[in-house]
Amino acid sequence: MSDADDVRVRRAERGDAPALLAMLVALSRMHGREPTIGLEVFERDGWDEPARFQAWIAEAADGTPVGFVQGFPKYASWTGGDWFFVANLWVEPECRTGGVGAALMAAVEQHARATGLARIELTVARDNPAVGFYERLGLTDRGDYRMALDLPPL
């Protein structure tokens with residue numbers, strides 16, 4: 001079992017794609033879906049230019065992947081600003097409640113602030129226990145499964 005003190009979060013690299021894809025498959029199956037994306041497409045979409053998504057990986061002290069977060073920038077035409085959409089967040093079951101998810105989301109927030117993004121947004125089903133986790137991080141309910149964290153200008 002890992003907690004945030006024993007975990008390093010860093011921007012994922014192309015070589016991390018197999019581990020990220022394995023965690024994405026586990027996440028998809030947990031939600032009753034069977035992903036169809038293959039490794040070649042996943043690598044292309046994440047690391048060829050222009051990249052379609054960004055990802056961060058959490059690793060235990062021994063280098064074992066224990067979680068990831070993946071998302072992409074979006075444009076909000078109604079407010080005139082860019083924001084970051086978190087598409088996937090996964091923490092290995094044995095590492096949950098130890099701060100790994102919070103560390104991954106902190107990496108997303110740091111990226112959003114550093115690149116001048118105005119918001120972090122994600123969707124989550126209302127009956128998903130993760131709703132409480134996201135609320136503890138400061139995200140607020142926006143309706144229609146949406147939660148967001150507005151980032152004030154620096």
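Numbers at a glance
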quantity: Which listed residue is modelled with pLDDT of 95 or more and over 12 Å from the mean Cα position of the chain (by Cα), from GLU34, GLU94, GLU40; calculated: GLU40
quantity: Close pairs from the range 87-107: first within 13 Å of SER28 (Cα to Cα), partner open to solvent by 30 Å² or more (accessible area, probe 1.4 Å), Cβ under 7 Å, at least 6 apart; calculated: ALA87/PHE72; TRP90/ALA26
quantity: Scope the range 37-67; condition surrounded by 15 or more Cβ atoms within 10 Å (Cβ to Cβ) and aliphatic (A, V, I, L, M); matching residues; calculated: ALA55, ILE57, ALA58, ALA60, VAL66
quantity: Residues located in the range 67-87, provided they are in contact with a helix residue (DSSP H, G or I) (Cβ under 6 Å, 6 or more places away or on another chain) and not hydrophobic (A, V, I, L, M, F, W, C); calculated: GLY67
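Quick grid of which residues meet (1) open to solvent by less than 40 Å² (accessible area, probe 1.4 Å); (2) in a loop (DSSP other than H, G, I, E, B); (3) among the small types (Gly, Ala, Ser):
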position: VAL69; (1), (2), (3): yes, no, no
position: PRO73; (1), (2), (3): no, no, no
position: ASP82; (1), (2), (3): no, no, no
position: TRP90; (1), (2), (3): yes, no, no
position: GLY98; (1), (2), (3): yes, yes, yes
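A quick yes/no check of all residues on (1) closer than 27 Å to GLU94 by Cα; (2) in contact with an Asp or Glu (Cβ under 7 Å, 6 or more places away or on another chain); (3) of a type in the set (Val, Ile, Thr):
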residue: ARG33; (1), (2), (3): yes, no, no
residue: THR36; (1), (2), (3): yes, no, yes
residue: GLU40; (1), (2), (3): no, no, no
residue: ASP45; (1), (2), (3): no, no, no
residue: ALA60; (1), (2), (3): yes, yes, no
residue: GLN70; (1), (2), (3): yes, no, no
residue: PRO73; (1), (2), (3): no, yes, no
residue: GLY80; (1), (2), (3): no, no, no
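Results for (1) closer than 17 Å to LYS74 by Cα; (2) of a type in the set (Ser, Thr, Tyr); (3) at pLDDT below 90; (4) assigned to a loop (DSSP other than H, G, I, E, B), shown as yes or no for each residue.
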| residue | (1), (2), (3), (4) |
| --- | --- |
| GLU109 | yes, no, no, no |
| LEU122 | yes, no, no, no |
| ALA125 | no, no, yes, yes |
| ASN128 | no, no, yes, yes |
| GLU135 | no, no, no, no |
| GLY138 | no, no, no, yes |
| ARG142 | yes, no, yes, no |
| LEU149 | yes, no, yes, no |
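The values are calculated or read from the model by the stated rules, or taken from the named source; none is laboratory data. The shown structure was predicted, so the numbers you read here are calculated from the model rather than taken from an experiment. Backbone-built Cβ (ideal geometry, glycine too); neighbour counts: all protein chains shown. Just the protein is used for accessible areas: all its heavy atoms, side chains included, with ligands, DNA and RNA removed. Shrake-Rupley method; radii C 1.70, N 1.55, O 1.52, S 1.80 Å.
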